[in-house]
Each structure stands twice: as structure tokens, then as C-alpha cells.
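Undergrad: Mind looking over this structure? Questions follow.
Please treat every number below as a calculation from the coordinates, not as lab data. Values in this document were obtained by computation on a predicted structure and should not be read as measured data. Heads up, the Cβs are rebuilt from the backbone with ideal geometry, glycines too, and the neighbour counts pull from every protein chain shown.
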Amino acid sequence: MAEHKAKNKRSIHHKYRISFINEETFDEVRRVRLSVFNVMMFVLVSLLISIGIVVALIFYTPLREYVPGYPDSETQAMLIRNSERVDSLMVKMEQEKLYWDGVRRILQGEVSNEVLEDTSAAHKKELIIEQELLNASQEEIEFRSQVEEEEQYNLGLLEKAGEKKPEKIVFFSPVKGMITDRFDAKNGHLAVDIATAPKAHILAVAGGTVILVDQSITTGNIISIQHNNNSISTYRHASKILKKVGDKVKAGEVIGIVGNTGTLSTGDHLHLEIWRDGEAIDPESLIVF
């Protein structure tokens, strides 16, 4: 048995000669020495390299969109918007729950008379001020009166404590060029297409955080930025993206290079989308191109 195994091992490593002979002159043109082991290793290495190339093509190119179960860039953007909506709804539901719990306790008589007697925050503030005035000197009282008189027409004092004013965003043009296709919701074109010079810089229309960097077969290289006031800007057909997910960008900062990527592109241009609260907005209503 041991001799048989040794014989098989020797046969695997045994060298065989392959000769290439000229058919007319019968001269030996080339000679190759191979063994069964060499052939097996060559086949195995070739198979591993082929598998690696296929895996790289699937995971690092737009071909991954054809893998069953893998979402495309538009689906990912929709998932992000839906996640934000769900968070907002959860907060709203919690507020409604607290409100109706309070109403139920009042109707059932669970709230004490002390709470019912004094529910006005303004009244509480007046009581505190009056108590402080009792312990204040005449100079402090005169100073308070002077400040109150100067500030009585200051509208900023009318804002609720802790209430954050909605931040207004000024949008800037991402590229210099000519609009070739305008916003048309009826025909499903929820963006503007801007033709520009090849390799022109793509600028962020406003400051924010990069939430998506992806590739699509139809729209090429894509980058999306989350801005304040629940706005999102998306830039498509770029030849190169210069930012990654999670990066903080400022208004006017370079985020990519204009290109002609994607099957829907017919030339170097930028496809710009702006969304707010899940609704598409005409960029021309916000930006002077």
C-alpha cells in the first residue's frame, strides 16, 4: 500500500515533455516540460484569479445592481428619506401620546388642584420677578425698568424659550454652464441638466454632510448631500467623486468632476436634484444659474 502511494506521488511529479515540431522540416521549435502537479496548480490559480475578478466586478462596479436583493442608488436614497420620515413620525406620535395622556388625567380628575390653579408659564414668571423685586434695591429696580423699556419692542423677546428658528439656506450654483433640460415633474424629470466644460469642478450648493456616494449604470457616479432644513441635493453623471460618505462639506466646496458617465448621459453635463421633506423642488426656483 505504501509503495502504491509513493508510486502515485512520483507519477504526479513526474515530468512530461511536450515538443512543438515544424510540420515541414520536422525541426523541434519549442520544448515544454510539465508534470500533472504543474497542470493542476495552473488550473487552480487560474480559477482563483477568475473568481477574484468576477467578485471585484460585482462589488466595485455598477454590475452589482443586477445582483438579486441589492438596492440601486435611487432605492438607497428613498430608504434614507423614509427613515427620516419614520423618525419624525415616531417623535410626533410620542408627543401626541403625552398630550392625550395629560387630557385623560385631567378628565379623570387625576391632576391636583395646585397644578390646575397655575398652568400659565407667564404667570409663574411674573411671580418670580415680583419675588425678586421684593428683595431688590432701588437701583436694581430702576435698572430693570430701563432695560424693559428699551427691549419692549424687540421682537426677539417674543420667541418661545428654546424654540429654534428655521434656518434659511442660500443655495449656490454648482457649475457654470447652460441648462439643456429643465425641471418637468409631469414627465418625471425632477432635476435640471446643465451642460458645461469637460472636467469642470462640481461645487456643493450648500453646506452639509455627504450621505451617499454610489455608481449607477444609468446615471453614472452619484453623490448626495444632506443640508439643514431637511434638504438633500443630488449630483449625477460625475466622472469622479472627491468626497466619501460622512464628510462635512461647505457651500461652494469642490465635491466632484463633471463627466459623461451612465447610459442616460449624452455628453459632459451635471444632473442636479434638490429634495426637501421628501418632495422634489425645481432647482431654478432656488439657484440663479
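Undergrad: Taking other Cβ within 10 Å of each residue's Cβ, how do Phe20, Phe172 sort, fewest first?
TA: Phe20, Phe172
Undergrad: For the residues Ile194, Ile281, Ile179, Ile53, what sequence is obtained by ranking on other C-beta atoms within 10 Å, fewest first?
TA: Going from least to most buried by this count: Ile53, Ile179, Ile281, Ile194.
Undergrad: Longer than 25 Å from Cα to Cα, which of Lys176/Lys250; Lys199/Lys243; Lys186/Lys240; Lys92/Lys243; Lys176/Lys248; Lys186/Lys248 are they? Say none if no pair is.
TA: Going by Cα-Cα distance, Lys186/Lys240; Lys92/Lys243; Lys186/Lys248 fall outside the 25 Å limit.
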